[in-house]
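Some notes on the structure that comes next.
The values are calculated or read from the model by the stated rules, or taken from the named source; none is laboratory data. From a predicted model like this one, the values you see are computed outputs, not experimental measurements. Note: ideal-geometry Cβ built from the backbone for every residue, glycine included; neighbour counts use all protein chains shown. Heavy atoms of the whole protein, side chains included, go into the accessibility calculation; ligands, DNA and RNA do not. Shrake-Rupley method; radii C 1.70, N 1.55, O 1.52, S 1.80 Å.
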Amino acid sequence: MVRKQRTIKDEVSLNGVGLHSGALSLGTIGFEKRMETTVIGDTVNLASRMEGLTKQYGINIAVTAEIIDQLEDKEKYFFREIDTVKVSGKNLSVTFYDLFNGDADNIKEKKIVTFDSFNEALSLYKEQKWTEALKLFDDIKQSFEEDKILQIYYERCKTFQEKPPAENWDGVFNLRKK
């Protein structure tokens with residue numbers, strides 16, 4: 001019998017970080033020998049949804065526009081708009097960003113180099129210019145294939161070319177899972 005030796009690395013599953021700002025409720029329950037503190041509220045739920053989006057979009061830190069708006073010295077941070085979505089359990093849409101200061105240097109550099117092209121492609125997508133957006137996302141993808149977001153938008157553009165969204169489409173993507 002051959003056994004694979006397991007290392008700590010095999011056991012670790014890194015989760016992304018989701019950040020949102022707003023009101024919440026903090027409470028402690030329990031008794032003298034066992035106490036637990038927790039936070040609840042829409043703010044906490046949305047931050048949790050942002051954390052879930054890190055896996056779906058292949059980013060490390062997802063932050064809402066509320067966080068970006070509150071940043072002082074924004075030029076210290078590297079962030080790019082990712083998407084506007086309606087998350088599961090919410091009626092309002094939320095725009096979120098990839099905060100990539102902590103990414104590996106090679107990934108951070110590629111995000112910086114492709115920043116303007118990515119923003120242009122995202123604008124074309126929002127303007128429903130599927131062919132132009134598709135070409136630009138594909139061009140960026142050729143030099144930055146690790147960026148999962150490019151594939152997501154590439155596939156959306158292909159889908160919308162074949163079956164355009166309703167005329168009143170507002171660019172918001174409805175997420176079905178948490």
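Answer yes or no as to whether Phe118 is in contact with a Lys or Arg (Cβ under 8 Å, 6 or more places away or on another chain), in a helix (DSSP H, G or I) and modelled with pLDDT of 95 or more. Criteria met by Phe118. Using the structure shown, decide if Lys141 is open to solvent by 80 Å² or more (accessible area, probe 1.4 Å) and among the basic types (Lys, Arg). For Lys141, the condition - open to solvent by 80 Å² or more (accessible area, probe 1.4 Å) and among the basic types (Lys, Arg) - is not met.
Note on region 24-70: residues that are in contact with a helix residue (DSSP H, G or I) (Cβ under 6 Å, 6 or more places away or on another chain) and hydrophobic (A, V, I, L, M, F, W, C) total 2. Within region 39-75, being open to solvent by 40 Å² or more (accessible area, probe 1.4 Å), within 15 Å of the chain's Cα centre (by Cα) and modelled with pLDDT of 90 or more holds for Glu51, Lys55, Gln56, Gly58, Asn60, Ile61, Glu66. Residue-level check: of (1) surrounded by 10 or more Cβ atoms within 10 Å (Cβ to Cβ); (2) farther than 30 Å from Leu134 by Cα; (3) of a type in the set (Ser, Thr, Tyr); (4) without any contact (Cβ under 8 Å) to a residue 24 or more places away in the chain, Ser21 misses just (4). Inspection of region 125-135 identifies at least one residue that is in contact with a Phe, Trp or Tyr (Cβ under 8 Å, 6 or more places away or on another chain), assigned to a loop (DSSP other than H, G, I, E, B), in contact (Cβ under 8 Å) with a residue 40 or more places away in the chain and of a type outside the set (Lys, Arg).
Across region 149-178, the number of residues qualifying as closer than 23 Å to Lys90 by Cβ and assigned to a helix (DSSP H, G or I) comes to 4.
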